[in-house]
Amino acid sequence: VTYRDEMRRTVIALATLLALASSVAADNIKLQQVDRKINLNSQLARITESVKVKNVGTEPVSDVIFCQHVGAGAVLSFYKVADASTKGSLVVSPTTVAGAPPATVCHSAKLAKPLPAGELTSLTVSAVLAQAQTAHPAEVSQMDTQLMLFKDNVYVLSPYPVSAQTTEVTTPTSNVKSYTDEKPVTKSDNKIKYGKYDLIKPFTVRRLSVHFENNKPFKHVLTYVKEIEVSHWGNIYVEEKYEIKNAGARHAGSFSRLKYAHAYNGKGNSFRDLRAVLPPSAHSLYYVDLIGNISSSNVRKTPAATYLDFELRYPLMGGWKEDFTIGYSVPLTGFLSYTPAGKRRLTMELASPLEEVYVEDMVVRVVLPEGASDIRAILPFDMEQSFDKKFTYLDTSGRPVLVLHKAHVAAPEHSARFSVEYSFGALHTLREPLLLIGVFFGLFVAVIAYNRLEFTISRDDKWAAARDKEVLAAYMEQIQAALEDEASLLSDLAKAASRVRDTPDVEVAQRERAAVEKRLKGLEDKVAPLVAAVESRSARVGAQVREVLERSRGLQGRHAKQLAERCELVKKGVAGAELTRKLAAGQEALAAAQRELEAAIETVFGAY
């Protein structure tokens with residue numbers, strides 16, 4: 001006997017045991033009353049069953065099996081069984097049942113406490129089917145109404161006999177093209193009610209088909225990647241990347257933007273507006289797509305939430321897709337806390353903040369600070385978990401990344417918060433500041449060493465001459481700067497002289513002259529050692545500089561003389577044109593001396 005044969009026999013034996021167990025359970029349980037409600041008001045099919053379960057056997061029952069028809073292409077996105085009295089959720093696990101029709105998914109719900117023989121309990125079953133509505137016709141033009149086709153089973157699919165049952169189907173509008181006529185059936189406005197049906201055998205099949213109008217937007221997010229990056233320096237950065245599609249009837253024919261803008265019916269099954277419900281403390285929001293920033297958005301803050309209303313770059317007709325990214329930051333307060341054991345706990349929203357969307361594939365990446373360890377996720381439902389590394393600025397070993405993955409996420413059924421607990425030592429907080437300090441310290445040391453080291457292989461006469469020229473140029477620049485300051489002071493003295501027009505102005509001008517002469521004396525004291533240094537490097541250049549300084553002192557004397565003569569004439573009562581005439585010769589000589597000094601400065605200092 002081969003290993004493969006032995007495995008095949010084991011599988012057959014297990015299947016037989018499961019079938020026997022299901023058969024025993026079916027003999028012990030009867031569904032006393034089942035009220036089914038199928039809500040088709042959105043792109044999802046939400047099915048709610050209120051079930052009264054009776055133990056008709058002789059032994060207590062701990063598990064009850066429920067089944068749901070899942071047609072071709074449809075996905076069971078959400079399934080929940082709760083106690084109708086306590087509202088508490090029961091533990092549910094997939095199972096197989098012998099004799100179940102094709103395309104039937106069954107789950108076993110474990111009761112909170114065993115149901116005694118002869119007793120009744122009330123349970124509520126909630127199921128959400130995605131992609132269960134099929135466009136019929138599959139293509140529509142811009143002006144056409146979107147019609148959808150939904151298929152299920154009129155009767156509840158159950159391995160147990162059902163004493164009584166009703167099924168109610170709710171559509172978005174009263175426009176229902178056709179529906180299964182399984183009497184008794186009544187239609188009122190947008191509701192179709194089947195039953196009451198009595199004494200239904202296990203797994204009784206009667207296909208339910210409803211063809212109806214549904215112009216609600218089919219916002220189908222193909223991929224959703226949410227990255228949460230935690231920084232212990234005050235912020236949590238969140239970035240969400242979307243690839244969204246209009247999963248309704250495909251658009252056929254041409255698209256008219258004019259009709260879309262002006263005609264109500266021109267919008268058809270398309271959508272453009274989206275709303276994201278973000279935390280109330282969210283800030284630094286942005287919204288971009290592959291082309292760049294999109295400004296057609298509006299943010300409204302309330303104490304409970306931050307509402308981001310935005311428009312896609314173009315309307316999404318049936319079958320069209322678009323990629324975009326939204327991002328925001330939140331403070332650590334309210335999201336990061338400590339556990340009693342001293343670990344840090346991050347608590348955030350898990351699902352997409354977009355309203356009325358179905359997410360086919362969701363990935364949540366939690367990027368923790370470098371040095372985080374002992375990472376544990378606390379999730380509201382089962383998700384695939386893995387770990388990754390991310391390198392950003394100032395990282396050495398990389399930041400640990402917890403990667404969570406789940407397919408077929410429905411809103412709001414999967415809207416819940418999750419937590420990530422991790423250990424993080426206080427010293428790790430100082431890693432980046434110390435790294436920065438070390439880098440800058442090393443840079444400064446390198447610059448200091450570079451400036452103090454001599455990289456010249458040999459020092460010859462040319463090197464010495466070049467060095468002397470560099471030092472001489474530095475001295476010459478300082479002397480030239482002093483001469484420029486002197487010229488500014490002499491200009492102030494000339495302005496003071498021009499303001500002397502009456503006897504009271506004479507005293508003011510003399511005070512200004514004394515202040516200017518004092519500052520000129522300070523400049524001379526500053527220049528003297530510089531001239532001596534220039535002479536020590538080059539006697540020729542030193543002589544030229546002294547000649548320039550002599551001209552400068554001569555110019556100072558002419559300014560002083562011109563001011564003194566003007567003051568004397570004003571005291572004698574000379575004014576107006578007569579005053580200008582008598583000072584003209586001195587003014588011309590002053591201007592000539594100014595030009596000679598400027599030419600000398602250009603000749604001597606121009607080369608430096």
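Restricting attention to segment 268-280, the residues that are touching a residue at least 60 places away in the same chain (Cβ under 8 Å) and open to solvent by 30 Å² or more (accessible area, probe 1.4 Å) total 2. Inside segment 348-362, residues that are assigned to a strand (DSSP E or B) and open to solvent by 30 Å² or more (accessible area, probe 1.4 Å) make up a count of 3. Residues considered: Ala607, Ala577. Of these, the only one that is more than 20 Å from Leu490 (Cα to Cα), part of a helix (DSSP H, G or I) and modelled with pLDDT under 85 is Ala577.
Conditions (1) buried (at least 16 other Cβ atoms within 10 Å of the Cβ); (2) farther than 30 Å from Ala132 by Cβ; (3) in contact (Cβ under 8 Å) with a residue 24 or more places away in the chain, marked per residue:
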residue: Glu229; (1), (2), (3): yes, yes, yes
residue: Ala249; (1), (2), (3): yes, no, yes
residue: Ala261; (1), (2), (3): no, yes, no
residue: Lys301; (1), (2), (3): no, yes, no
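The listed residues are Glu432, Glu486, and the only one of them that is under 30 Å from Gly234 (Cα atoms) and open to solvent by less than 70 Å² (accessible area, probe 1.4 Å) turns out to be Glu432. Among residues of segment 286-299 being open to solvent by 40 Å² or more (accessible area, probe 1.4 Å), outside any strand (DSSP E or B) and of a type in the set (A, V, I, L, M), the one that is farthest from Lys321 (Cα to Cα) is Ile291. Would it be correct to say that Ala410 is surrounded by 13 or more Cβ atoms within 10 Å (Cβ to Cβ), under 14 Å from Val221 (Cβ atoms) and out of contact with any Leu (no Cβ under 7 Å at 6 or more places or on another chain)? Taking the combined requirement at face value, the residue does not satisfy it. Look at (1) open to solvent by 10 Å² or more (accessible area, probe 1.4 Å); (2) modelled with pLDDT of 95 or more; (3) under 30 Å from His428 (Cβ atoms) and you find that Glu240 fails only one, number (1). From the list Arg546, Arg537, Arg513, the one residue that fits, being in contact with a helix residue (DSSP H, G or I) (Cβ under 9 Å, 6 or more places away or on another chain), open to solvent by 60 Å² or more (accessible area, probe 1.4 Å), within 17 Å of Ser488 (Cβ to Cβ) and of a type in the set (Lys, Arg), is Arg513.
From the residues in segment 205-227 that are among the basic types (Lys, Arg) and surrounded by 18 or more Cβ atoms within 10 Å (Cβ to Cβ), which one is nearest to Trp320 (Cα to Cα)? Ranking the candidates gives Lys219 first. Restricting attention to segment 309-342, the residues that are more than 21 Å from the chain's Cα centre (by Cα), buried (at least 16 other Cβ atoms within 10 Å of the Cβ) and touching a residue at least 60 places away in the same chain (Cβ under 8 Å) add up to 5. Only one entry of Pro137, Pro202, Pro159 meets the criterion of being in a loop (DSSP other than H, G, I, E, B) and either farther than 30 Å from Asn28 by Cα or open to solvent by less than 10 Å² (accessible area, probe 1.4 Å) (or both), and that entry is Pro137. The number of residues in segment 198-217 being closer than 25 Å to Leu350 by Cβ and modelled with pLDDT of 95 or more comes to 0. Of the residues making up segment 36-55, those that are part of a strand (DSSP E or B) and surrounded by fewer than 18 Cβ atoms within 10 Å (Cβ to Cβ) are Lys37, Asn39, Thr48, Ser50, Lys52.
In the set (1) among the polar types (S, T, N, Q); (2) without any contact (Cβ under 8 Å) to a residue 24 or more places away in the chain; (3) open to solvent by less than 60 Å² (accessible area, probe 1.4 Å), the condition left unmet by Asn235 is number (2).
Being over 18 Å from Tyr314 (Cα atoms) and surrounded by fewer than 17 Cβ atoms within 10 Å (Cβ to Cβ) is a property that His283 has. For segment 245-271, a residue qualifies if it is closer than 19 Å to Leu44 by Cα, in a strand (DSSP E or B) and in contact with a Ser or Thr (Cβ under 9 Å, 6 or more places away or on another chain), and exactly one does: Asn246. Just so you know, in segment 57-79 the residues that are open to solvent by 30 Å² or more (accessible area, probe 1.4 Å) and under 20 Å from Gln32 (Cα atoms) include one that is nearest to the chain's Cα centre (by Cα), and it is Asp63. One residue is enough: does segment 375-383 have a residue meeting the conditions at pLDDT 95 or above, within 16 Å of the chain's Cα centre (by Cα) and open to solvent by 10 Å² or more (accessible area, probe 1.4 Å)? No, segment 375-383 contains no residue that is at pLDDT 95 or above, within 16 Å of the chain's Cα centre (by Cα) and open to solvent by 10 Å² or more (accessible area, probe 1.4 Å). Scanning segment 11-31 for residues that are buried (at least 18 other Cβ atoms within 10 Å of the Cβ) and either of a type outside the set (S, T, N, Q) or at pLDDT 95 or above (or both) gives Ala25, Ala26, Ile29, Lys30, Leu31.
The values are calculated or read from the model by the stated rules, or taken from the named source; none is laboratory data. Since we're looking at a predicted model, the values are computed, not measured. Positions of Cβ are generated from backbone atoms using ideal geometry, with glycine treated the same way; all protein chains shown enter the neighbour counts. Ligands, DNA and RNA are excluded from the accessible area calculation, which covers all protein heavy atoms including side chains. Shrake-Rupley method; radii C 1.70, N 1.55, O 1.52, S 1.80 Å.
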